[in-house]
Amino acid sequence: MGLRHNLGSGFRTAFTDVVFAIADWSQDERFPEPFRDVFVENDNGWRCGDSRPGPDLAAAVVSCATIRTVERPHLLGMQPDDLLAHLTGSGVATRPSEARRILAHVIAAGRPGFPSARPVPARLARAVEATTDRTPLEVLERAVDLRDGFVKYLLRSPDGALSEAVRIPLERPGAFSVCLSSQVGCAMGCAFCATGRLGLRRNLEAWEMVAAFSRLRSEAPGLVTGAVFMGQGEPFANYDAVLKAAAVLADPCGGRIKAESISISTVGLVPAMRRFAREKHRYRLIVSLTSAIQARRDRLLPEVARWPLGELAGALRELHEAVGQRVTVAWVVLGGVNTGADEVAALGELLAGVPFRLNLIDVNDPRPDGFQRATPEELATFRDRLRSLGVPVVRRYSGGAATHAACGMLASRLVGGDRPPRDGSAGLAARC
Ligand code: SF4
């Protein structure tokens, strides 16, 4: 006979459910012994069938429980090889082309479910629905900056964690990029950054980054052609998940974004930079330098002070040798702090022999006593001085300031961004 027990929708609680099921069933006189076919079924219709001769109910159910305690991996964090391994490992015969079709359906085409016109046989669609997670992120807020079209999203993960992502209009009409968070909060504590004042809550998983991308792309009034990991968090402090998310975004069955159009930023975690160079990725790495003077940089970016600037320059050199192109260095322009001749001289000395381009980014500090933007005159003088280095200098537009969507402002009031600085850095501008 067959015995069905509804376990609810979550695999995460499956083991507990099965244990209770054993207790329930063993005392239920309606079911004759021996049980020959024991299977359990959840809300999604997936079942763990286990035909065993004899009355060994406990062993059969525990066998199911053992299988079911493996958490369902999220489909949005997978590439075709991952899905193929997952399904075949779960005993579901799958061809590589079927795994590709499933992910192209769900991620590339952005269709969360499997309607009757499904891309694979019903048996396989059911197995995917039952053994993988496809929970989306919930959108709590959309804040549109009417001046420049930036849209900041506040997203909630299933465990309640809040993160933010920003849709960025590109110069080409109808083209967009998305700025993704890699962590909930950030442990780096950069003096000019609102996210840094949150502290770190947790890392985001690869699927959460892909889910944020998918959500923003689905609502974009045009084509999303790029992605930048420059939202909340230090991407290299969550290296594996960020690189996995980037791989899914670049996958032809995933986000279908050109690898060269995916940028990852870091404040300079040297070991991770070296790893990135060794792995020879095609994504663009943007390294935030912001000061070439050790003592000043240590105050501005305290968590990376453990790696002296000489080590950072060595990692940038390795990166250049690995990719054979100019490396990209970012400089958050802090009026009256890091725009002087001393910085330009130190920068020239530090990166002598390393081909680089410099992205200047205006600081966005909403605190009344926080860092100020450079005046137009100060900025012009700084750029004139930088020309002496003979490197391309680009001023990057950092939009969305009106909705706190700009660089350094991602710290929603819902996740505590209105708290006072944990490190008393509000007055730091005066000390740098
Ligand atoms: S600038 Fe980036 S690394 Fe620094 S605190 Fe902000 S989010 Fe973290």
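Structure values in brief
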| item | result |
| --- | --- |
| Single unsatisfied condition, Thr88 versus (1) modelled with pLDDT under 95; (2) closer than 19 Å to Phe213 by Cβ; (3) touching a Ser or Thr at 6+ places or on another chain (Cβ under 8 Å) | (2) |
| Filter result for Leu200 (farther than 22 Å from Arg142 by Cβ and either touching a residue at least 40 places away in the same chain (Cβ under 8 Å) or outside any loop (DSSP other than H, G, I, E, B) (or both)) | yes |
| Cβ-Cβ under 9 Å pairs, at least 6 apart or on other chains, segment 205-226 side touching a residue at least 60 places away in the same chain (Cβ under 8 Å), far side part of a helix (DSSP H, G or I) and among the basic types (Lys, Arg) | Glu205/Lys244; Ala206/Lys244; Trp207/Lys244; Val210/Lys244 |
| Single residue of segment 206-243 satisfying the filter (acidic (Asp, Glu) and in contact with a helix residue (DSSP H, G or I) (Cβ under 9 Å, 6 or more places away or on another chain)) that is farthest from Tyr283 (Cα to Cα) | Glu208 |
| Condition check for Leu180: touching a residue at least 40 places away in the same chain (Cβ under 8 Å) and surrounded by fewer than 16 Cβ atoms within 10 Å (Cβ to Cβ) | no |
| Residue in segment 241-258 that is farther than 23 Å from Pro80 by Cα, modelled with pLDDT of 95 or more and assigned by TED's automatic domain parsing to the domain that holds Cys190 present | no |
| Filter result for Ala237 (touching a residue at least 24 places away in the same chain (Cβ under 8 Å), under 16 Å from Cys179 (Cα atoms) and either assigned to a loop (DSSP other than H, G, I, E, B) or of a type in the set (A, V, I, L, M, F, W, C) (or both)) | no |
| When residues of segment 249-286 are limited to those that are among the hydrophobic types (A, V, I, L, M, F, W, C) and within 17 Å of Val333 (Cα to Cα), the one surrounded by the fewest Cβ atoms within 10 Å (Cβ to Cβ) | Ile286 |
| Residue that is farthest from the ligand (Cβ to nearest atom) [pool: residues in segment 368-409 that are in contact with a helix residue (DSSP H, G or I) (Cβ under 8 Å, 6 or more places away or on another chain) and at pLDDT below 85] | Met409 |
| Residue match in segment 106-123 (condition: more than 16 Å from the ligand (Cβ to nearest atom), part of a helix (DSSP H, G or I) and either among the charged types (D, E, K, R) or touching a Lys or Arg at 6+ places or on another chain (Cβ under 6 Å) (or both)) | yes |
| Residue ID - nearest to the ligand (Cβ to nearest atom), chosen from residues in segment 287-303 that are surrounded by 21 or more Cβ atoms within 10 Å (Cβ to Cβ) and among the β-branched types (Val, Ile, Thr) | Thr290 |
| For Thr195: the one exception among (1) of a type in the set (S, T, N, Q); (2) surrounded by 19 or more Cβ atoms within 10 Å (Cβ to Cβ); (3) more than 16 Å from the ligand (Cβ to nearest atom) | (3) |
| Check on Gly189, within 16 Å of the ligand (Cβ to nearest atom) and surrounded by fewer than 24 Cβ atoms within 10 Å (Cβ to Cβ) | yes |
| Count of residues meeting criterion [under 23 Å from Met78 (Cα atoms) and either in the same structural domain as Arg101 (by TED's automatic domain parsing) or part of a helix (DSSP H, G or I) (or both)] in segment 259-274 | 4 |
| Considering residues of segment 220-272 that are on the phi > 0 side of the Ramachandran plot and within 11 Å of the ligand (Cβ to nearest atom) only, the residue nearest to the chain's Cα centre (by Cα) | Gly233 |
| Failed item, numbered, when Phe382 is tested on (1) surrounded by 16 or more Cβ atoms within 10 Å (Cβ to Cβ); (2) outside any helix (DSSP H, G or I); (3) of a type outside the set (Gly, Ala, Ser) | (2) |
| Residue satisfying all of: in segment 244-260; out of contact with any helix residue (DSSP H, G or I) (no Cβ under 7 Å at 6 or more places or on another chain) and in contact (Cβ under 8 Å) with a residue 40 or more places away in the chain; farthest from Pro308 (Cα to Cα) among these | Pro252 |
| Hits in segment 124-166 (condition: in a helix (DSSP H, G or I) and touching a residue at least 24 places away in the same chain (Cβ under 8 Å)) | Leu124, Arg126, Ala127, Val128, Glu129, Ala130, Thr131 |
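The values are calculated or read from the model by the stated rules, or taken from the named source; none is laboratory data. Quantities reported herein were computed from a predicted structural model and do not represent experimental measurements. Positions of Cβ are generated from backbone atoms using ideal geometry, with glycine treated the same way; all protein chains shown enter the neighbour counts.
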